[in-house]
1. Only one residue in E151, E100, E147 is charged (D, E, K, R), farther than 21 Å from M193 by Cα and under 18 Å from the mean Cα position of the chain (by Cα). Which one?
2. Which residue is farthest from Q222 (Cα to Cα), if the candidates are limited to segment 164-191 and must be in contact (Cβ under 8 Å) with a residue 12 or more places away in the chain and in a helix (DSSP H, G or I)?
3. If you scan segment 53-69, which residues turn out to be modelled with pLDDT of 95 or more and either outside any loop (DSSP other than H, G, I, E, B) or within 18 Å of the chain's Cα centre (by Cα) (or both)?
4. How many residues, within segment 178-236, are β-branched (V, I, T) and loosely packed, with under 14 Cβ neighbours inside 10 Å?
5. When S174 is evaluated against the numbered criteria (1) modelled with pLDDT of 95 or more; (2) closer than 24 Å to K117 by Cβ, which criterion, by number, is the only one it fails?
6. Enumerate the pairs (first residue in segment 72-83 and part of a helix (DSSP H, G or I); second residue anywhere and surrounded by fewer than 16 Cβ atoms within 10 Å (Cβ to Cβ)) with beta-carbon separation below 8 Å, excluding pairs fewer than 6 apart on the same chain, so at least 6 apart or on different chains.
Amino acid sequence: MTAPIEIIFEDADLLAANKPAGLLVHRSKIAIDENDFLLERLKAQAGTNLFLAHRLDRATSGVLLLAKSREVAGELGRLFMAREVTKKYLAVVRGWPAAEGVIDYPLPGVRERGPRKPAMTRWRTLATTTVPIEMGRYPEQRYALVEAAPETGRYRQIRKHFHHVSHHIVGDTSHGRGDHNRLWRIHFSMHRMLLHAWRLEFAHPLSGISLTLTAAPDEIWQRVLERFAWLGAVET
């Protein structure tokens, strides 16, 4: 039996869920053979119709926000377009980035089509570690836990931006580093991308009440945080 999806928040107008990694959000032409989708599971679980306010990649876990009517979905869409929703992600990246910074690098549309559009991601480094495993000409490897806050919503923005600055996200098979992904698979049994939609902060589109919705990292993430003594770096 399929386990229920964790509901983070629900009221008469909104529902927020903690999306598992590896689960498609909705039906797509690029996954015509799939028959398991988060949106359909949540509709059945909540017993009501639901409308997506935004999307997450299949490989990304974390907060996904939905509306219970088209009207509220439209209001949420306007909040996202106006950059009035603060999005915070956790990621494990190759190397040690600076304490904080901004990646300002235009990106193309979905599946690399269309002209490049402005794209900006802010980050701050929460913790670092050194792994004593030799690879190439380096006797040890460096990794960091970062909080990424995209200010725009381009396709795979965080993944592409950290690739652009050579701090590839661990487990990213499209924009990451194959050698580091293999290291994590072999030594840490890590078979997923370490990118998690951690928090959404916004004003309720009808009541105006400030909301902070947090998705707790899953068991795989917890194992990583514990292994490198990073639990204290992740605020509750």
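1. E151
2. Going through the qualifying residues, I end up with H164.
3. Once the filter is applied, which keeps residues that are modelled with pLDDT of 95 or more and either outside any loop (DSSP other than H, G, I, E, B) or within 18 Å of the chain's Cα centre (by Cα) (or both), segment 53-69 yields T60, S61, G62, V63, L64, L65, L66, A67.
4. Looking only at that region, the number is 4.
5. Of everything listed in (1) modelled with pLDDT of 95 or more; (2) closer than 24 Å to K117 by Cβ, S174 misses just condition (1).
6. Listed pairs, sorted by first residue: V72/L206; E75/L206; L79/A203; F80/G153.
A quick yes/no check of all residues on (1) closer than 23 Å to R159 by Cα; (2) of a type outside the set (D, E); (3) buried (at least 21 other Cβ atoms within 10 Å of the Cβ):
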{"residue": "A3", "(1), (2), (3)": "no, yes, no"}
{"residue": "A17", "(1), (2), (3)": "yes, yes, yes"}
{"residue": "N49", "(1), (2), (3)": "no, yes, no"}
{"residue": "A53", "(1), (2), (3)": "yes, yes, yes"}
{"residue": "T60", "(1), (2), (3)": "yes, yes, yes"}
{"residue": "V85", "(1), (2), (3)": "yes, yes, no"}
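Here's the yes/no breakdown for (1) closer than 27 Å to E226 by Cα; (2) surrounded by fewer than 15 Cβ atoms within 10 Å (Cβ to Cβ); (3) among the β-branched types (V, I, T):
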position: G109; (1), (2), (3): no, yes, no
position: T125; (1), (2), (3): yes, no, yes
position: T128; (1), (2), (3): yes, no, yes
position: A148; (1), (2), (3): yes, no, no
position: E151; (1), (2), (3): no, no, no
position: R156; (1), (2), (3): no, no, no
position: S166; (1), (2), (3): yes, yes, no
position: V170; (1), (2), (3): yes, no, yes
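The values are calculated or read from the model by the stated rules, or taken from the named source; none is laboratory data. No experiment lies behind these values; they were computed from the predicted model shown. FYI the Cβ positions are ideal-geometry reconstructions off the backbone, even for glycines, and counts take in every protein chain you see.
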